[in-house]
């Protein structure tokens, strides 16, 4: 556990108090953690490791790796301003990638697939698809200005595919129907009747009737199909060659760092290897984006192909190697120290979803995996899939040391009585240990093909001034990465028909569709103050359905709170489950049930 964990825990469980701040001043900004919980605070300073914020007059250090992408980008923006980095030469422009991260670089040239930038004094060739729409338009505009030496135009450039020019199976193209309407997407396949595309930068697949497309788009599909067949044959040939190729020596650590690679024209790029198949290599250019970018093997020179093949083999070796076990210590369970299940004590892998208990021991993480070809780019670097839910135990007390203001705080675990050995087939988990005040806890979790169940009990030491209460908490994460900077036209395809379905203890089930704001849902006052079940399904969850419900929980509290954004339901919700009569226990007979099923 990191040394700054205690400060982070304070951040996580006091986000709900931010509403007490009243009107937001110009100095306050939203800071969001990986579970989607937010507080409003003032930026003080930051570096690559942490960001310091001021909240209620006190300074707190938040580790960078615990913040959402939006909050990381916000911190980087303020750090740039602090360093005066925004006062750059007029020849330099600000370039933003699809994750919202920016750099200052000088435009050199651009074509349909790439843009060449001078960054930190070095020319670097980058895929055009990794930049947001505004930066892509800027690249086209600057190239047009450079070619024609004319005054820049404020209108968007018309994108037209040169069918006789160089095409790429990894590029996104505009596909036009007979009425002239277009959709941008990457070619996946074409049959006699349909064209299959990957759209929204890999977050969604669609099939379009071939007959509905204009002649140029139909011709483009046929040309790309011919290229695909040739590429598959060439890929199979190159795969055989790579198997006998002499490659440089690499270590496990080389999988975690950037390397310098060259293309066939001698241009250099620094990137981290992620994965590879017979057709392409996926890499991440950390300084620009956290998303994996697919590049064809034949784009690299021979030395780079050898290095990439060495990294591919090393990844396979690491994946198949017997995992390293890290011993339990203090408030940390024993866990896998490497491989696919790194940092987890217990993992249950179902047919299409995975559940894991991290070494912190506070609850379970749930991932869904609809298939690598359907995962959004933001999840392709994670071998477990797409994380959609967290279920954990929360024990809190009211700190009244400040006579003017009571504060709700979390009881921190100081030790476990014992740690189960890391396992991939454990179905029942019982964890016992002590809190910082000397109190004790018992957390119980059952995991199998039928679902999950959670129950717990705690006990304060004799004479405890501030009694502790416990509950089971479920966090349903936001489903649209970088939502802050996206227009609704880019959000809607990602949320589709997604919705929360809330069943109150009395009355009919209420649907909360992701494409409506909370203020527009018109939920009757008090209608959802007490729940007996929640279901989640729709586009962002692919063919999965999440169901959360009490086990005979009539004498239990089961309610929800809005996610960190508080604007649209797709930004997530939190569910809390506790006893009405005994706040130190969630009884076994009243356990909370959670299931993940296919529709």
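Of the listed peptides 124-132, 244-252, what is their order by residue-averaged count of other C-beta atoms within 10 Å, with the highest listed first?
Output ranking for 124-132, 244-252: 124-132, 244-252.
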With Cα atoms, 0 to 90° folded angle of helix 133-148 axis to the chain main axis = 20
Please work out the C-alpha center-to-center distance from the range 209-244 to the range 481-552 and express it in whole Å.
-> 40
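Where does each of 480-487, 70-77 land if you order them by average Cβ count within 10 Å, highest first?
Numbers: 480-487: 16.8, 70-77: 20.5.
In decreasing order of mean packing, 480-487, 70-77 become 70-77, 480-487.
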FRET efficiency for residue 543 and residue 94, using Cβ-Cβ distance with R0 set to 35 Å, rounded to 0.05 = 0.30
State, to one decimal in nm, how far the label point of residue 485 lies from the label point of residue 27, with both points 7 Å from Cα in the Cβ direction.
-> 2.7
Taking Cα atoms, how many degrees apart are the long axis of helix 215-243 and the longest axis of the chain, rounded to 10 and kept between 0 and 90?
-> 80
Taking the alpha-carbon centroid of each part, what is the distance from the range 561-599 to the range 331-349 in angstrom?
-> 25
Treat each spin label as a single point 7 Å out from the Cα along the C-beta direction, and report the residue 134 to residue 267 distance in nm.
-> 2.5
Ordered by packing density, taken as the mean number of other Cβ atoms within 10 Å over each peptide's residues, highest first, how do 518-529, 210-221, 460-471 rank?
-> 210-221, 460-471, 518-529
The base-10 log of I(q)/I(0) that the Debye equation returns for the range 325-598 at q = 0.07, 0.13 Å⁻¹, one scatterer per C-alpha, is -0.27, -0.95
Between the Cα axis of helix 69-82 and the main Cα principal axis of the chain, the angle (0 to 90°, nearest 10) is 70
Could you calculate the FRET efficiency of residue 222 with residue 581 from 1/(1 + (r/R0)^6), where r is the beta carbon distance between them and R0 is 45 Å, rounded to 0.05?
-> 0.05
When 347, 398 are arranged by how many other beta-carbons sit within 10 Å of their Cβ, fewest first, they go 398, 347
Sort 111, 193 so the one with the fewest other Cβ atoms within 10 Å of its own Cβ comes first.
-> 193, 111
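Could you calculate the FRET efficiency of residue 313 with residue 184 from 1/(1 + (r/R0)^6), where r is the beta carbon distance between them and R0 is 30 Å, rounded to 0.05?
Numbers: r = 36 Å, r/R0 = 1.18.
So the FRET efficiency works out to roughly 0.25.
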How long are the three semi-axes of the equivalent ellipsoid for the range 172-243, computed from the Cα gyration tensor as the root of 5 times each eigenvalue, in whole Å, largest first?
-> 26, 14, 9
Using label points projected 7 Å from each Cα along Cα→Cβ, tell me how many nm separate residue 243 and residue 518, to one decimal.
-> 5.6
Over all Cα pairs of the range 252-320, how is the pair count split among 10 Å bins, expressed in % and running from 0 up to the last occupied bin?
-> 21, 58, 20, 1
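Mind sorting 168, 415, 320, 473 by how few other Cβ atoms lie within 10 Å of their own Cβ, fewest first? All intermediate terms of the calculation are to be shown ahead of the outcome.
Numbers: 168 19, 415 14, 320 8, 473 22.
Exposure proxy ranking, most exposed first: 320, 415, 168, 473.
At a temperature of 20 °C and a viscosity of 1.002 mPa s, determine how fast the range 429-535 diffuses translationally according to Stokes-Einstein, using the Kirkwood radius over alpha-carbon pairs as Rh; express D in µm²/s, rounded to the nearest whole number.
On the way: Rh = 18.0 Å.
Diffusion coefficient, whole number: 119 µm²/s.
Only the coordinates and a few stated rules stand behind these numbers; no lab work does. Treat the numbers as computed from the prediction; the structure is a model and nothing was measured. Ideal geometry is used to build each Cβ from the backbone, glycine not excepted, and the neighbour counts take in all protein chains shown.
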